[in-house]
Every structure is written in structure tokens, then in C-alpha cells.
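Since the structure comes first, as C-alpha cells, the remarks are kept for the end.
The values are calculated or read from the model by the stated rules, or taken from the named source; none is laboratory data. For clarity, every value in this text was computed on a predicted model and none was experimentally measured. Positions of Cβ are backbone-derived with ideal geometry, glycine not excepted, and every protein chain shown enters the neighbour counts. Ligands, DNA and RNA are stripped out before the accessible areas are found, and what is left, the full protein with its side chains, is counted by its heavy atoms. Shrake-Rupley method; radii C 1.70, N 1.55, O 1.52, S 1.80 Å.
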Amino acid sequence: MKLADYIGEATAYDKKLMLERKDPISWLKSVSAFANTQGGKLLYGVSDSGELIGLENAEKDAEDISEAIKMQMDPIPQTNLSIHEEDGKRFVVVEIFAGEETPYYVRHKGSLTAYVRIGNESVKADPLELNRLVLKGSRRSWDSFSSVYKRKDFSFEVLYATYHEKTKLSFEESDFQSFGLVTDDGHLTNAGALFADKSPVRHSRVFCTRWNGLDKAHGLMESFDDDEYSGGLLSLLNAAKDFVRRNRRMMWRKTPDSRIDYPEYPERAYEESIINGLIHRDYLELGSEVHIDIFDDRMEIYSPGGMPSGDIVQTLDPRDVSSKRRNPVIADLFQRLDLMERRGSGFKKILNAYQFESEKRGHEFVPTFRSTGSSFFVILPNLNYGIKINGVQQDPSQVTTEVTTQVTTQVTTEVKRLVIALIGEMRSDALMASIGIKQKEDFRTRYLKPAIVDGFVEMTQPDSPRSPTQKYRLTEKGVALAQQQEAN
């Protein structure tokens, strides 16, 4: 062991120039934090800058450290204390192991305080984090605990149908208890409540938005499409996937005898990201939900709660992240439904899907993962933003006739009808009447939004403050499409 090897690994250790006997809380909080999270080391005799200074009396310091841990920690964490010699100097190394009897408290001035490790800091555990530590110490997960809801009061038709579709077997009543969805006294576990058709878990929700532009405040129309979904996990998964499919565009390139499709997002990548968000989110964070935000150049999937292990994903190799499940009952049932794998290969699936598309297009696209102590993000780049195919970049907002012969956006029948009907500037109600559509949501989803997203139609300013009804008109691209349709 060389102390120099640890310099730079700030998450896994704390440097201490000397032992603070008058202020033991300054280092005991690190003992608590390491024991409550992933473990770590205290290095005594090392300056903040990493210089190896050494200790005058390492044996005495080691004795006092051991005594303070015994007297002021509750429960006492497992540690390994040693005296280390290097470059003719002596140091004390205290290794603190990740504990199972969490939370590990520090006694200080008549009170008990638990700490956790976030990055290179040991911070006081907030009430939510304290609840997580209590759960961890009980050796049970939140999704395995009994809820107040009774099995007889809820239906599970979506679960029945999905299970039969995936396994070709019937979901039996006995399976509820076997799979950890119902307790012996007939109550749903928290996992069971999340799989009910009308889930009573209020924060079992997904918020989806297709934004206009590259951020959440881009001008006249901030979003093209948005929906809020609530209910059981399987319904949320299906609704979220449908929203993405509704708001993605497919491009294709002609070949002599076929065509090659170029989706904006690999289906496998965004499905896996949504599934991970629903399964591994922290359901202890009340008032929070999974968010799917689609921008022109990317899709962001956010889920409440950081890495279950406590790690920060930016510091890890995403292809070599060990599987640790926050909600094992939920994860197990998703695996039985063939919606995920046991060995925790979600990151690899996402990365491999983008690697395949990168090789097909001749340009590298890499999804990114970002986490904090209380949040997790998957950022999926739009493969068609800036259209790079075989090294050739095009501007999707200005697709010329020549380029269209090589890279073409699929145009739906509804968009063609809207483009032909739109002459000059027209209000949406007039457009609906000209097409013969009565349902505003149907018109907005199937006709107007795809036409705007694909660049055939644009929104204009209201005529006056007294006339706030928005009007629409064709872009140059839309005029070209209208002329093409009339010629046909």
C-alpha cells in the first residue's frame, strides 16, 4: 500500500493532517458517512494538498481514534486501524467498512446524528436519507413493505394481459404472494400497489413534454406536446413509450433496391431508459415523478433518486457498473415479464443501441448518464439533429429538393392534408373546419404538431392583444410539399 496511490480518490477517503482531539466531530462524521454508504479511509498525517507530512506519535493517535469510535459511535462500525510507514514517516490509516446496521450515528452534545457521503464531503443525513438508512438497516426494501391497501379492492387487468402476452401463462392468484405483491394478511405490498391498474401511489406518475427548441423556454410556443400520466407501472411504461413514438420522426435514405431507416432515437435505448427510470426510482421522494423531456437535439429521462449504491455515475465506467437494485420486488417482476434482465445490463443496452446507429451512420453518437445524491438523468442525443449520414451533415430545417432525394422525412397523410388546406395565414379552428376534424386534441396531435416539428408549418404572432388566437402558415418547405401534392 502506498498513500500516494489514494491521492485523487476524494470520494473514497478523507485526508487529515493531524488528529483533532478537541473537535472529534470533524472526523467522526466521516466515519459515520463511510459506514452509512460505501465505506472509505481516513488518512492521518496527510495535508489537504496531498503532501505526506507524517505524525509525531502515531501509536497514541491510533489509540485515541479507536477509543473515540467506541465511545461516540452508535452502533460501532467495523473498522481496520493500522500504522503505515512511508518515506521515513508514520501515518495512521483507518479503514471504515460499509455497514449493514445503518444508520450509524455520532453522539455529540447529547444528540445522535447520522452522516452520508456525497462526493468528497460528509454531510448530515436529511430526513429522507435517514429513512433510506433505516430501510437499509432493516435489510428490507421499500417495495417489499406492506401498504394500507387490500388486494380485494384493486384490479390487475394490465398485469394479467402483459404476463400472458410475455409468458403465454396465466397469472394465478397465488402468484401475488409468490412474487411479493401481497402479504399474508391480504394487503398489497408497496410493489403490489404500484402494479394495480389504478395505482393508489399518488406519485406513481410520468410527465412527458416535447419542447420547442433546445431548452424549456424557446419562444412563442414553449412545447409542441405534453401529457401527464398516472397509474400502474405497466400502464405508465406503455403511455411513456407511446408519447415518444408520437413525437419522434423517422428519416430514410433510398438505395437501389430498398431504403435505410434513420430514427431519431433507437427504440431499445429509450425503452430501456424509461424502464430503468420506473424500476429504480426512489419512491420515498414524495411529490416527485419521472420526467421525459424531448428537445430538438436530445431526449432527457429524469428519475427521482441517485444511484442505489450511492455512487455518482459520472465517476464510473457505464459499461462496468455493478447491478444494485433499489426496488428488487419490482425489478424481479419486470424480469419475469421479459422487460429487463437480471444481470443489470441496462447501461450496456443503451450504449450498444447507439453504437449500432453510429456505425450505420458513419458518425459517433454517445448517450450520457448523470446523477446526484437525489436524481438520475439519461441524456439520449437525437441522431437526426444536424443529419450526419456517412460523414455528410445537413440542416433538417432547410432540406432542399436535392437533399430530399437522399434523406427524406416520412410525411403522414394527415400532414399532407393539413399542408394542402393551409393557404395564407389561418386560425386553427378554420383549419379544422377545412379538413373536417372536430376533435381539437386529435387535430393537435395528428396534424398540427407533426407538421410543425417537421418544418412544414410555423406559428405566427397573434394579430393583436384583443385577438389572441394563434395563426399558422406554411414555411418554404411546406409550400414545396403543397405544390408537390397538387402536381400529383
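Before moving on, here are some points about what is shown:
- Rounded if a/c under 1.5, otherwise prolate or oblate - region 1-94, Cα gyration tensor axes: oblate
- The residues of the chain expose on average 50 square angstrom of accessible surface per residue, using a 1.4 Å probe on protein heavy atoms.
- Calculation over all alpha carbon pairs of the chain in 20 angstrom steps from 0 returns a P(r) of 19, 40, 30, 10, 1 percent.
- Per residue, the chain reaches -9500 deg cm²/dmol at 222 nm when only DSSP H runs of four or more residues are counted, each adding -39500 (n - 2.57).
- A prolate overall shape is assigned to region 261-316, the ratio a/c of its alpha-carbon gyration tensor axes (a ≥ b ≥ c) being 1.5 or greater and a/b exceeding b/c.
- Estimated dipole of the chain in Debye, rounded to 20 [Cβ of Lys and Arg +1, of Asp and Glu -1, Cα centre]: 1020
- If you take the Cα centroid of region 112-137 and the Cα centroid of region 7-67, the two points sit 19 Å apart.
- Summarising the amide proton neighbourhood of residue 92: residues at separation of 5 or more, or on other chains, whose placed amide H is nearer than 5 Å comprise 44, 84.
- Under 5 Å, built H, 5+ apart or other chain: amide partners of residue 149: 188
- When the Cα positions of 75, 170, 286 are compared along the charge dipole of the chain, 170 comes out farthest toward the positive end, with charges on each C-beta of Lys, Arg, Asp and Glu.
- Shape summary: region 60-138 maps onto an equivalent ellipsoid whose semi-axes, from the alpha-carbon gyration tensor, are 27, 14, 12 Å in decreasing order.
- In terms of distances greater than 22 angstrom between alpha carbons, the cross-link table entries 2/41; 60/89; 241/360 yield 241/360.
- Normalised alpha carbon radius of gyration of region 107-229 [divisor 2.2 N^0.38 Å]: 1.54
- For region 95-169, the orientation-averaged shadow of the C-alpha convex hull comes to 9.5 nm² (one quarter of the hull surface).
- Share of pairwise Cα separations in region 125-189, more than 19 Å, in percent: 47
- Compared with the dominant principal axis of the Cα atoms in the chain, helix 127-137 is inclined by about 70°.
- Annotation: average projected area of region 35-189 is 14.7 square nanometres, based on the convex hull of Cα atoms across all directions.
- GluC sites (Glu not before Pro) within region 130-232, DSSP loop, no more than 16 other Cβ atoms inside 10 Å: 172, 222
- Surface composition of the chain: carbon plus sulfur atoms hold 48% of the accessible area, using a 1.4 angstrom probe and ignoring ligands, DNA and RNA.
- Tensor-based shape of region 292-369 (alpha-carbon gyration tensor, a/c under 1.5 rounded, otherwise prolate or oblate): prolate
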